[in-house]
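*Asks:* One structure coming up, written as structure tokens, with questions to follow.
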Amino acid sequence: MWVCRIGSPGINLTRRNVIAVAEAILGGEEPDQRFYTREHDPSVAFVTWNLLPNHFHFILAPLVKGGISKYMSNLANAYTKYFNARHQRSGRLFQSSYQSIAIKDPEYFYALLRYINLNHAELVEPEWKERRLRQGEKLKKHLSSYIWSAHLDFLGQRHSLLVDKAIASDLLEVDFNEGGMSGYQEFIETWLQEDFSHIKKYVLEK
């Protein structure tokens, strides 16, 4: 994800090397330059993100004209090449191109932010969006221990390279520094007590 903003991954990445690169980026350090090629300035900035086993969600801010489409193309191509090499296959990997929607108002922005940051809740509570929560304590533990989401960065518990705090601060109009996003804990806890049905008008998932 991070590498495709500025260039392309190395051609001989192994699963072990991919894990090492991911650990460096999540830990706030640039990965070993043996594993990627820097080709240009960043095309996008990450506001937030979440990776699930079979899909992902990003909020991206373009830094150059057409930055988001360029980034998504680079990401899809890079992952397809890696996956095909690892599994000794060829051809397309993704069923269709990515889907995107423009963020047009503050309510929209904050609804998506919370929805994306907590989307991994579905791994332990599949019906969480319908307010059918059966394992409240397990859910809270899972939300704060899942590493493949920007949630930990917003809490201030991690400082990965995948969230641009300055741009996020400007867009969200709230302080976002090494201590996390101001008021984020309360922001999340309040939302977990609400009905999620209204979120459906803001997302592309069925």
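*Asks:* Restrict the check to region 68-80 and report whether at least one residue is open to solvent by less than 80 Å² (accessible area, probe 1.4 Å), at pLDDT below 70 and over 17 Å from the mean Cα position of the chain (by Cα).
*Replies:* Yes: one or more hits.
*Asks:* When you scan region 65-83, do you find a residue that is assigned to a loop (DSSP other than H, G, I, E, B) and among the hydrophobic types (A, V, I, L, M, F, W, C), even just one?
*Replies:* No, region 65-83 has no match at all.
*Asks:* I would also like to ask the following. List the strands (runs of 3 or more DSSP E) inside region 6-62, counting only whole elements, that have at least 2 residues being β-branched (Val, Ile, Thr), touching a residue at least 40 places away in the same chain (Cβ under 8 Å) and buried (at least 17 other Cβ atoms within 10 Å of the Cβ).
*Replies:* 44-51
*Asks:* I would also like to ask the following. Name the pairs whose Cβ atoms lie under 8 Å apart, with the first residue in region 154-170 and on the phi < 0 side of the Ramachandran plot, the second open to solvent by less than 30 Å² (accessible area, probe 1.4 Å) and in a loop (DSSP other than H, G, I, E, B), and 6 or more positions between them or separate chains?
*Replies:* Close Cβ pairs (under 8 Å, with a partner that is open to solvent by less than 30 Å² (accessible area, probe 1.4 Å) and in a loop (DSSP other than H, G, I, E, B)) amount to PHE154/VAL163; SER160/ALA150; LEU161/TRP2; LEU162/TRP2; LEU162/ALA150; VAL163/ALA150.
*Asks:* May I pose another question? Can you give me the number of residues within region 127-150 that are open to solvent by 10 Å² or more (accessible area, probe 1.4 Å) and over 29 Å from GLY27 (Cα atoms)?
*Replies:* Going through region 127-150 one residue at a time, the tally reaches 8.
Here's the yes/no breakdown for (1) over 20 Å from TRP2 (Cβ atoms); (2) not charged (D, E, K, R):
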position	(1), (2)
GLN99	yes, yes
ALA102	yes, yes
ASP105	yes, no
ARG114	yes, no
HIS120	no, yes
GLU125	yes, no
LEU143	yes, yes
ASP153	no, no
SER160	no, yes
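*Asks:* Take the residues in region 1-38 that are touching a Gly at 6+ places or on another chain (Cβ under 8 Å) and of a type in the set (S, T, N, Q), then tell me which one is farthest from GLN88 (Cα to Cα).
*Replies:* THR37
*Asks:* Any idea which residue in region 152-186 is farthest from ALA61 (Cα to Cα), counting only those that are crowded, with 19+ Cβ neighbours inside 10 Å and among the small types (Gly, Ala, Ser)?
*Replies:* GLY180
The values are calculated or read from the model by the stated rules, or taken from the named source; none is laboratory data. It should be emphasised that the depicted structure is a prediction, and the values quoted were computed from it without experimental measurement. Please note: Cβ atoms are built from the backbone with ideal geometry, for glycine as well, and neighbour counts cover all protein chains shown. Areas reflect the complete protein model, heavy atoms only, side chains present, ligands, DNA and RNA absent. Shrake-Rupley method; radii C 1.70, N 1.55, O 1.52, S 1.80 Å.
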